[in-house]
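Notes for the one structure printed next.
The values are calculated or read from the model by the stated rules, or taken from the named source; none is laboratory data. This one's a predicted model, so the numbers in the text were calculated from it and none came from an experiment. Please note: Cβ atoms are built from the backbone with ideal geometry, for glycine as well, and neighbour counts cover all protein chains shown. The area values use the complete protein model at the heavy-atom level, side chains included, leaving out ligands, DNA and RNA. Shrake-Rupley method; radii C 1.70, N 1.55, O 1.52, S 1.80 Å.
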Amino acid sequence: MKKATFELFQRYAWLLCSAAVLLAFLGTRGLNEPDEGRYAEIAREMAQSGDWLVPTLNGFEHFQKPPLIYWLTALSIRVFGANEWAARLPSALAALGTIWLTYLIARRLCSETMARNAALILVSSVEFFALARLLTPDMTLTFWITAAIAAFIHRRHWLFFVAMGLGFLTKGPMAVVVPLSAALAWQITARGTPEVRHLPWGRGTLVVLGVGLSWFIMLSIQSPELLSYFWKYELVQRFASRTHGRSQPWWFFLPVITLALLPWTFFLVKPLRTFWHRWQTGTVSPPQALLAGWAAVPFVILTCSGSKLVTYVLPLLPALAIAIGSSFASTRRVWKIAVPAMACWLLAAINVDHFGPYLARQASVKDLAEALEAEANSEDAILFTCGVRAHGLAFYAEELVSTTKGDADIVLPLAPAQSARVFRNARHCLDTLSTGELAYGIVDQERFASSFKPKGWRALRTEGDFVLITNRDSRSLVQTR
């Protein structure tokens, strides 16, 4: 019995290790801005209001992303409370699910040993590890993409289409592009052999559209003006233009993928050389074609896109992990590299708050919110942000705050109660709050020095580029005058 237990532990040690490093210290640091603060606050408001159809950010309707990540995070917050651990739990579980699915795919394509290698390589890759511990839609998207490919490999054809639809409901078209590219590469290579899959493409496409577009259709029926917003601004312009301010040179993803795979980057050379030789000799197998379709074709599409972020390559990492894992003859050497790497990444994750002064506008405002809570009478004061996206303030204060119009992501016309919390610009904010009523807010250091400090506002605490300020002292002068 003991021997069987030990063998079972040895067989799944990679999974236990993955769960330990992904879940450990998940809630010991503050939410980073702007992404984590934004997604956490949307989920908190959804959990509080019970409105699962229309996401709101600081009380304003927010349609920039599909809702699945908000639903999952709101459920976690309802169960575990509004805290960092609960907010990040869906990403960590999605990462763990992605590792398991990568193992299943690699075991079907290669062998048990290669599958363990791939799982360990994936969890110890720096970008995968980092995004598994951050609240963004990217890891959940990667889970659905990997689930779709796993379903294709294991001939679960309807799950293939459902997973793509759920991925689209998480973060849009790449949820369809990546699995479809991988599946078509397999189909072309396996044509005329028993390995070809016979999928119900017509009905399957309807499933993808029905699941993936369901939320968009319901909202567009409710507010017809959103149809143009979804199609033109969030889809066409995001890919084909520089409207969203995320343009980068064409070669941007080359260094990104190089760094994302660390410490395994250089081990990718051997499988790439093997694939190139197979390509030249016309002996590419369906599994090799699938991995190429999974990674290479989406990489080219991302390179051509007008919108580029480092997180966009995350769904490609499982394919590269499988390719690298197949080049190791045993798992022992993989463990020797993976364990120190995971220890380094975990140590960095634990101590990231110490780097707050260097994170600029990516710093957490948790310490500022705690300083605000310690202030006398702060519960009766006006809370605001001016010229910065620091949505963590609303999350930690558990209330809506006033803000400048450019930071509110307003799409639909505002109701009177919403308009009352919106400043036209920074000057309007300063003029409105300098009339004597107690106020606390977050601005950047430059705006504080140039605008608020000369008016008598005082800085209470700084974190990164953020400054917590108050008119507590200056308002007595205003009232005296």
Between the alpha carbon centres of the range 29-91 and the range 168-220 the gap in Å comes to 28 Å
Cα-based Rg/(2.2 N^0.38 Å) for the chain, rounded to two decimals, is 1.07
Which residues qualify? For Leu57, with a placed amide H closer than 5 Å and at least 5 residues away or on another chain, they are His62
Summed over the other residues with a beta carbon less than 11 angstrom from that of Trp345, with K and R at +1 and D and E at -1, the charge totals 0
Within the chain, the percent of DSSP beta bridges that are antiparallel, given to the nearest 5, stands at 60 percent
Carbon/sulfur accessible area of the chain, % of total, 1.4 Å probe, equals 63 percent
Computed about the Cα centre, the charge dipole of the chain from +1 Lys/Arg and -1 Asp/Glu charges at the Cβ has a magnitude in debye, to the nearest 20, of 1940 debye
What one gets for the range 409-469 as the Kirkwood radius, inverse of mean 1/r over different Cα pairs in Å, is 12.9 Å
The chain accessible area per residue, 1.4 Å probe, protein heavy atoms, integer Å², reads 45 Å²
Amide H proximity to Gln248 below 5 Å, modelled H, separation 5+ or other chain, gives Lys308
Packing-ranked peptide list from 123-136, 278-291, highest mean Cβ count within 10 angstrom first, is 123-136, 278-291
With the convex hull built on the alpha-carbon atoms of the range 346-480, volume per residue in Å³ sits at 117 Å³
When the charge dipole of the chain is computed with +1 at the Cβ of Lys and Arg and -1 at the Cβ of Asp and Glu, the Cα pointing farthest to the positive end, of Thr470, Leu72, Ala417, is that of Leu72
Sorted on mean Cβ neighbours within 10 Å (highest first), peptides 57-66, 455-464, 390-399 come out as 390-399, 57-66, 455-464
Note: the range 1-154, point scatterers on Cα, Debye, no solvent; log10 I/I(0) at q = 0.14, 0.16, 0.19 Å⁻¹ equals -0.73, -0.88, -1.10
The alpha-carbon center of the range 342-405 and that of the range 295-341 are separated, in whole Å, by 33 Å
In cubic angstrom per residue, the convex hull of the range 344-418 built on its Cα atoms measures 127 Å³
